[in-house]
Amino acid sequence: MKRRGPTVFRPAQRSKQGLGKKLELRIEGLSDDGRGVAHNAGQPIFVRGALPGENVAARLTARHRRHQEASLERVLEASEKRIPAPCEYVGQCGGCQLQHLSQADQQQHKLARLKAIVSQQGFSGEVGLLPSPAFAYRHRARLAIAGGQLGFRGESSHKIVGISECLLLAAPLNRALAAFRQHGLPVLANLDAELVLSCGVPVEEDATVAMQLVFNRTPPKRDWQSLAAGFTAPNILHSVLAPGFEWLNPEAERELKYQLTDSYALRFSPGDFTQVNPAVNRAMITQLLAWLAPEQGEAIIDYFCGLGNFSIPLASAGARVRGYDAGVAMVERAQAFAEESQLDIRYLSTDLFDSEKLPAIRGVEKAVLDPPRAGARALCEQLAGNTGIRRLVYISCDPATLERDLKILLEGGFAISEAAMPEMFPQSYHMESMVLLSR
């Protein structure tokens, strides 16, 4: 069978007819990306910031072949579920799409989305909730610097919205943000960069915050040590990175700790992927261990293992774990930690999106996979065809690819046994999911 060539995506065609027209709309529902949904001229129209049951004044901003978009001008009749958004940057910053909806209603919206996905696949049980604090839950953040501004990108824009603090960030990150704005930003007035802020877990009030500057091209020569000396502990300029360039602060610890269980913490550097919401990540680990019930000496595979977020807890429970991911350096670091901690984990680097490079599955009955937004189509096709895997936990950050991959797995003989929605991203439409499949 010939392999398909790459799909070619072309920009959606837009019509400029009627753009800017004022509309009065009745909002009927909430879309997957948190926008209010109404109808205009027989087409669905999406309005950011509007809620079901509301009458709103809006202005037409885009016409596509099958849908339209509008900006919210005014709420004429508000939903009883609407609350005042506490952040002064709402409507400017692109980060929080649901602050005008109570946390309980945000959770119900996401639970309903996941329930709709799994119920279409024959699951009739309840979808569990792994709750989160509403604010101050992030232990890391990535901000943009350009034109003397420091902040987050605007809604559907490259423009930077300058911020003094973010309600989603843990207090130490906001403290470091203020310090960098005062001392670091004037030095970079004419440069474009990203500022990465990270602190260890658990997050303490006096936690060290590692600040990393990332440039997309080699920056002009600077005395980075002098810049670093201007920050007062616990705020530390950890490193400066660019293509072909790296400066590491000789006075900073290379890695931070991220507590996974009472006994084990993985080590990470600023810029490494870690789950942004440590409280929810801990709840996910507890749920994973309950669902997979690892036994002493039992072999379990961890796909998209990263630095060992799930491998370490599984191995600490007695399992023999094989972890697979693409990054060679990352896998080597994970292996070094496993050996130092005397955990029975073997990490290997491979491309889990290439069906020809997928590792063979032998003598393993349980697995966990936590892919990026692209999902894991090739891997799910392999797992569906391997009857040796009897229990599988799929962790998803994208509802569309979750739905696609679940269909593949169910066609291979799996059935959904449990489902849960970890509220990883309060105030945002982004949704994390956990699904236990068995055969």
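Nothing charged except the Cβ atoms of Lys and Arg (+1) and of Asp and Glu (-1): what's the magnitude of the dipole of the chain about its Cα centre? Round to the nearest 20 debye.
Working: 49 positive and 47 negative charges, 377 e Å.
In debye, rounded to 20, the chain gives about 1820.
Given the Cα-Cα distance of Arg373 and Glu411 and 0.36 nm per residue of separation, how much length would full extension add, in nm? Intermediate results must be reported in sequence, preceding the final value.
Values: separation 38, 0.36 × 38 = 13.68 nm, distance 2.16 nm.
Roughly 11.5 nm would be gained on extension.
Could you tell me what % of all Cα pairs in the stretch 216-278 have separations over 13 Å? Write out the running numbers ahead of the final one.
Values: 1363 of 1953 pairs.
Summing the P(r) tail past 13 Å for the stretch 216-278 gives 70 percent.
Rg/Rh for the stretch 128-171: what does it come to with C-alpha atoms and Rh from Kirkwood? Can you show the working numbers first?
Values: Rg = 13.1 Å, Rh = 12.0 Å.
Across the stretch 128-171, the Cα-based Rg/Rh ratio is 1.09.
Note down the nm distance, to one decimal, between modelled labels 7 Å out along Cα→Cβ at Ala290 and at Gln17.
That separation, rounded to one decimal, is 5.5 nm.
How many angstrom lie between the C-alpha centres of the stretch 394-428 and the stretch 170-189?
Value for the Cα centre distance between the two parts: 38 Å.
Give the label of the value calculated from the structure for Cα extents along the principal axes in Å, choosing from [x] 65, 48, 42; [y] 112, 46, 37; [z] 65, 61, 45.
Working out Cα extents along the principal axes in Å from the coordinates points to [z].
Stretch His158-Arg362 to full length: gain in nm at 0.36 nm per residue minus the Cα-Cα span? Don't jump to the answer; show the numbers that get you there.
Details: separation 204, 0.36 × 204 = 73.44 nm, distance 4.77 nm.
Here the answer is 68.7 nm.
Counting only Cα, what are the radius of gyration and maximum Cα-Cα distance Dmax of the stretch 287-342, in Å?
10.9, 31
At a 1.4 Å probe, what is the % contribution of carbon and sulfur to the accessible area of the chain?
Working: 10300 of 21100 Å².
Percent of accessible area from carbon and sulfur atoms in the chain: 49.
Return one quarter of the surface area of the convex hull spanned by the alpha-carbon atoms of the stretch 35-113, equal to its mean projected area, in nm². List each step's numbers first, then the result.
Numbers: hull surface 23.4 nm².
That works out to 5.9 nm², a quarter of the Cα hull's surface.
What number, rounded to the nearest 500 deg cm²/dmol, is the helix-based mean residue ellipticity at 222 nm of the chain, given -39500 (n - 2.57) per DSSP H run of at least four residues and division by all its residues?
Working: 8 runs with 91 residues, N = 439.
That comes out to -6500 deg cm²/dmol.
Along each principal axis of its Cα atoms, how long is the stretch 201-336 end to end? Whole angstroms, biggest number first, please.
That works out to 54, 34, 21 Å along the principal axes.
Label-point separation (nm) for Asp344 and Gln43, each offset 7 Å from Cα along Cα-to-Cβ?
6.0 nm
Could you run the Debye sum over the Cα atoms of the stretch 122-248, one equal point scatterer each and no solvent, and tell me log10 of I(q)/I(0) at q = 0.09, 0.11 Å⁻¹, two decimals?
Rounded to two decimals, the profile gives -0.30, -0.42.
Which semi-axes, in whole Å and largest first, does the equivalent ellipsoid of the stretch 293-439 have when worked out from the alpha carbon gyration tensor as the square roots of 5 times its eigenvalues? Could you put the intermediate results ahead of the total?
On the way: eigenvalues 103, 66, 49 Å².
Each semi-axis is √(5λ); the values are 23, 18, 16 Å.
Could you pull out which residues in the stretch 419-436 have an amide N less than 18 Å from a spot 7 Å beyond the Cα of Ser124, following the Cα-Cβ vector?
419
Along the Cα-to-Cβ line of Ala189, 7 Å from the Cα, sits a label point; which residues in the stretch 144-166 have backbone N less than 13 Å from it?
Within reach of a label on Ala189: 147-149.
What do you get for GluC sites (Glu not before Pro) in the stretch 236-298 restricted to DSSP loop and a cutoff of at most 13 other Cβ within 10 Å of the site's Cβ? Don't skip to the answer; put the middle values down first.
Numbers: sites: Glu246, Glu251, Glu253, Glu255, Glu295, Glu298; in loops: Glu251, Glu253, Glu255, Glu295, Glu298.
Passing both the DSSP loop test and the Cβ count: Glu251, Glu295.
Per the Kirkwood treatment, what hydrodynamic radius in Å, one decimal, follows for the stretch 355-406 from the mean inverse distance over all distinct Cα pairs? Each step should come with its number before you reach the end.
On the way: mean 1/r = 0.0870 Å⁻¹.
In the stretch 355-406 this quantity evaluates to 11.5 Å.
Based on the Cβ-Cβ distance of Gln182 and Glu28, what FRET efficiency does E = 1/(1 + (r/R0)^6) give at R0 = 51 Å, to the nearest 0.05? Show your work: numbers first, answer last.
Working: r = 47 Å, r/R0 = 0.93.
Efficiency, rounded to the nearest 0.05: 0.60.
Quick check: the distance between the Cα centres of the stretch 222-238 and the stretch 278-314, to the nearest angstrom?
Value for the Cα centre distance between the two parts: 37 Å.
What is the chain's relative contact order, in percent, from Cα pairs under 8 angstrom and six or more apart in sequence? Mind showing how you got there, number by number?
Numbers: 930 pairs, mean separation 53.0, N = 439.
Answer for the chain is 12 percent.
Please work out the Kirkwood hydrodynamic radius for the stretch 41-179, using every pair of different C-alpha atoms, and report it in angstroms with one decimal place. Spell out each step's value before the answer.
On the way: mean 1/r = 0.0564 Å⁻¹.
Roughly 17.7 Å, rounded to one decimal.
Go through the stretch 241-254 residue by residue and turn each phi into a ³J(HN,Hα) via Karplus (6.51, -1.76, 1.60, θ = phi - 60°); whole Hz please, and just put x for glycine and proline.
Residue by residue, the stretch 241-254 yields 10, 7, x, x, 9, 8, 10, 10, 5, x, 9, 9, 5, 5 Hz.
Please give the per residue accessible area of the chain, computed with a probe of 1.4 Å over protein heavy atoms only, in Å².
Working: 21100 Å² over 439 residues.
It amounts to 48 Å² per residue over the chain.
Which trypsin sites (Lys or Arg not before Pro) does the stretch 62-139 hold that lie in a coil by DSSP with at most 16 other beta carbons within 10 Å?
Values: sites: Arg63, Arg65, Arg66, Arg74, Lys81, Arg82, Lys110, Arg113, Lys115, Arg138; in loops: Arg65, Arg66, Lys81.
Here the trypsin sites (Lys or Arg not before Pro) that fit, given the DSSP loop and packing criteria, are Arg65, Arg66.
Restrict the search to the stretch 314-351; then list the chymotrypsin sites (Phe, Trp or Tyr not before Pro) that DSSP places in a loop and that have at most 11 other Cβ atoms within 10 Å of their Cβ. Write down the numbers at each step before the final one.
On the way: sites: Tyr324, Phe337, Tyr347; in loops: none.
Taking the stretch 314-351 and a limit of 11 other Cβ atoms within 10 Å, no loop chymotrypsin sites (Phe, Trp or Tyr not before Pro) are found.
The values are calculated or read from the model by the stated rules, or taken from the named source; none is laboratory data. What you are looking at is a predicted structure, and each value in this text was computed from that prediction instead of being measured. Virtual Cβ from ideal backbone geometry, glycine too; neighbours counted across all protein chains shown. In case anyone asks, the SASA skips ligands and DNA or RNA and just uses the protein heavy atoms, side chains included. Shrake-Rupley method; radii C 1.70, N 1.55, O 1.52, S 1.80 Å.
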